[in-house]
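Quick note: the coordinates plus some simple rules give every number you see, no bench work behind them. Since the structure is predicted, the reported quantities are computational estimates derived from the model, not experimental observations. With ideal geometry, Cβ positions are generated from the backbone for all residues, glycine too; neighbour counts draw on all protein chains shown.
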């Protein structure tokens, strides 16, 4: 009788283990990432234009796929000499739904620093919800060089590369300054779910999937993508780190009696297997 019950009991415990592992595996999947760009740069020559001064803005109009998206990072090529070390710039994002020379409401203004080595550099952002058309600008704090690079593939999208000089308030296409390439400014997008579905209405905006509403900053943001970002704690579907422990049986919202029983079953399974090895 004991020999018949043990395999059956072990099978039940294995099934419980699978039930625990499945949600964890699903949670570990990264939030969908989309990179949008105008440039064709894939390594090789880059053009670093001259004649730009402190206060000038170099901007790219970018297009997001259908769905609800947030910008969580930027890629920028910045260089053309100008000394070693880092150089201060301001990153700005605007609503560009109208696709006119002047952008719509400003969505982000953030000071940061970039190196001048002429390679792609990543700027991390906390998550800025954007419409299907938005504009990303780099405001220079120093006269060029260094400056944002342009690709050298011989083509330019005239309506998606823009500048605004500090000496005037009017936006213009970068071709007016003699540009022949696209600004190498790219955006990393997170989300993709239709009609929001994240943390709900956030001061008039639906948060993308994988984000929650931070009432202090009044915007959508996230703390984590996987549990590794939480130091072992649980990363919920709104991108929040919850719970204190790591691994099985940690205390976290949404893990009820069934989860605890499943974890307990895993412990019993380990003990039984250990006893069988000793026997």
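Quick rundown of the values:
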item	result
For region 33-191, the spread of Cα positions along each principal axis, largest first, Å	41, 30, 29
Protection proxy ranking, peptides 109-121, 166-178, average beta carbon neighbours within 10 Å, highest first	109-121, 166-178
Gained length - residue 50 relative to residue 175, 0.36 nm times residue gap less alpha-carbon distance	43.6 nm
Over region 33-191, relative contact order from alpha-carbon pairs under 8 Å, at least 6 apart, %	42 percent
Peptide ranges 77-88, 144-155 listed from the most packed, as the mean C-beta count within 10 angstrom indicates	144-155, 77-88
Cβ-Cβ FRET estimate between residue 122 and residue 153, R0 fixed at 30 Å, reported to 0.05	0.85
Packing-based ranking, highest mean first, of 127-138, 93-104 given that Cβ atoms within 10 Å are counted	127-138, 93-104
Potential extension, residue 33-residue 109 segment - 0.36 nm per residue separation minus Cα distance	25.1 nm
Nitroxide proxy distance, nm - points 7 Å out along Cα→Cβ at residue 84 and residue 132	4.9 nm
